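The values are calculated or read from the model by the stated rules, or taken from the named source; none is laboratory data. What you are looking at is a predicted structure, and each value in this text was computed from that prediction instead of being measured. For neighbour counting, all protein chains shown are included, and Cβ atoms are generated from backbone atoms with ideal geometry for every residue, glycine included. To get the accessible areas, we keep the full protein, side chains included, count just its heavy atoms, and leave off ligands, DNA and RNA. Shrake-Rupley method; radii C 1.70, N 1.55, O 1.52, S 1.80 Å.
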Amino acid sequence: MKKGKLIIISAPSGCGKSTIIGEIMDAGKLDLQFSVSATNRKPRPGEVDGVNYHFLTDQQFKDLIAENAFVEYEQVYPGRYYGTLRSEIQDRIDAGHNVILDIDVRGGVNVKEQFGADALSVFIAPPDIPELRRRLEKRGSESAEAIEERVGRAEYELGFKDRYDYVVVNDELPRAIGEVAALMEDFIKA
Ligand code: 5GP
């Protein structure tokens, strides 16, 4: 049986990554399953354990590190850990399903190195930093200080974009969705 493939998607926050992934998964054209990461951060309102993340205590996260349960894990924000569980991907790939990972840049580069030609990595970029700042401000959900933190983080993450297979600029959402979907389709069919 043909093995499934990995699709790695990374993007600075505010670049439309969740919308793009959601639309492509909802379209249901590709046999895609979302890898639910583990994290020690607290759930936000509306987030469901086991759906958005496996929400763990610090100790549970440490125990999984010790058990070698992660393909990769990173401290993405100070004190906040996120990791891709082997159990989320291996069986599905073996069963021929494709697995999509929404992970940060260091995790993305790491997984690509491990999986090579079995993984496609796509970086979604904002048109430019001032536009990203405007989008985050428009969202209105965060303080000025938090927005500056995210913009700083975005500048850092943009520094990794050349280490991805493809970069898609999200200047116009429907076009960006189409472009990412086409890249995935070509890769999965190859
Ligand atoms: P948030 O807390 O906003 O849900 O996610 C923060 C960041 O963590 C996002 O950039 C997201 O892609 C990243 N992230 C989520 N899961 C993982 C993971 O399993 N590994 C890594 N390295 N990053 C992750």
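How long is the gain from Gln114 to Asp94 if the chain were fully straight, where each residue apart is worth 0.36 nm and the alpha carbon distance is subtracted? Provide the component values of the computation, followed by the final result.
Working: separation 20, 0.36 × 20 = 7.20 nm, distance 1.61 nm.
Separation in residues times 0.36 nm, less the Cα-Cα distance, equals 5.6 nm.
For n ≥ 4 DSSP H runs only, could you compute -39500 (n - 2.57) per run for the chain, divide by its residues and tell me the 222 nm figure to the nearest 500?
Working: 7 runs with 83 residues, N = 190.
After summing the helix terms and dividing by the residues of the chain, the value is -13500 deg cm²/dmol.
Give the longest segment of the chain that steers clear of trypsin sites (Lys or Arg not before Pro) in DSSP loops with at most 13 neighbouring Cβ atoms within 10 Å, not counting the sites themselves. Mind showing how you got there, number by number?
Values: sites that count: Lys2, Lys3, Lys29.
The longest such stretch corresponds to 30-190.
Could you state the accessible area per residue of the stretch 1-141 in Å², with a 1.4 Å probe and every protein chain left in place? Provide the component values of the computation, followed by the final result.
Numbers: 6970 Å² over 141 residues.
Result: 49 Å² per residue.
Suppose a student asked you for the relative contact order of the chain, using Cα pairs under 8 Å spaced at least 6 residues apart; what percent would you report? Intermediate values should be presented prior to the final figure.
Details: 280 pairs, mean separation 62.3, N = 190.
Across the chain, relative contact order equals 33 percent.
Grab the Cα-Cα distance for Ser141 and Val51, subtract it from 0.36 nm times how many residues apart they are, and report the gain in nm with one decimal.
Details: separation 90, 0.36 × 90 = 32.40 nm, distance 2.22 nm.
Length difference between fully extended and current span is 30.2 nm.
Under a Cβ-Cβ cut-off of 12 Å, what is the net charge of the residues other than Val169 that fall near it, where Lys and Arg count +1 and Asp and Glu count -1? Don't skip to the end; give the middle numbers.
On the way: positive: Lys161, Arg175; negative: Asp128, Glu131, Asp171, Glu172, Glu179.
Summing Lys and Arg as +1 and Asp and Glu as -1 gives -3.
Please compute the length gained on full extension between Ala66 and Ala181, using 0.36 nm multiplied by the number of residues separating them and subtracting their Cα-Cα distance. Spell out each step's value before the answer.
Details: separation 115, 0.36 × 115 = 41.40 nm, distance 3.64 nm.
Here the answer is 37.8 nm.
Can you give me the distance in nm between label points at Gln33 and Ala190, each placed 7 Å from the Cα along the Cα-to-Cβ direction?
2.4 nm
When the accessible area of the chain is split by element with a 1.4 Å probe, what percent falls to carbon and sulfur? It would help to have the intermediate numbers written out before the result.
Working: 4960 of 9810 Å².
Roughly 51 percent, rounded to a whole number.
Mind giving me the nanometre distance, one decimal, between the label points for Arg41 and Arg134, set 7 Å out from Cα along Cα→Cβ?
Placing both labels 7 Å along Cα→Cβ, they lie 2.6 nm apart.
Using label points projected 7 Å from each Cα along Cα→Cβ, tell me how many nm separate Gln75 and Tyr156, to one decimal.
The two pseudo-label positions are separated by 1.1 nm.
What do you get for chymotrypsin sites (Phe, Trp or Tyr not before Pro) in the stretch 145-190 restricted to DSSP loop and a cutoff of at most 13 other Cβ within 10 Å of the site's Cβ? Could you put the intermediate results ahead of the total?
Values: sites: Tyr156, Phe160, Tyr164, Tyr166, Phe187; in loops: Phe160, Tyr164.
Within the stretch 145-190, no chymotrypsin sites (Phe, Trp or Tyr not before Pro) qualify (loop, at most 13 other Cβ atoms within 10 Å).
Shape of the chain from its Cα gyration tensor (a ≥ b ≥ c, root eigenvalues): rounded if a/c is under 1.5, otherwise prolate when a/b > b/c, or oblate?
On the way: a/c = 1.66, a/b = 1.11, b/c = 1.50.
Verdict is oblate for the chain.
When we measure straight from the Cα of Lys5, which lysines land under 29 angstrom away, once same-chain ones fewer than 8 places off are left out?
Once the sequence-local lysines are set aside, what remains near Lys5 is Lys17, Lys29, Lys62, Lys112, Lys161, Lys189.
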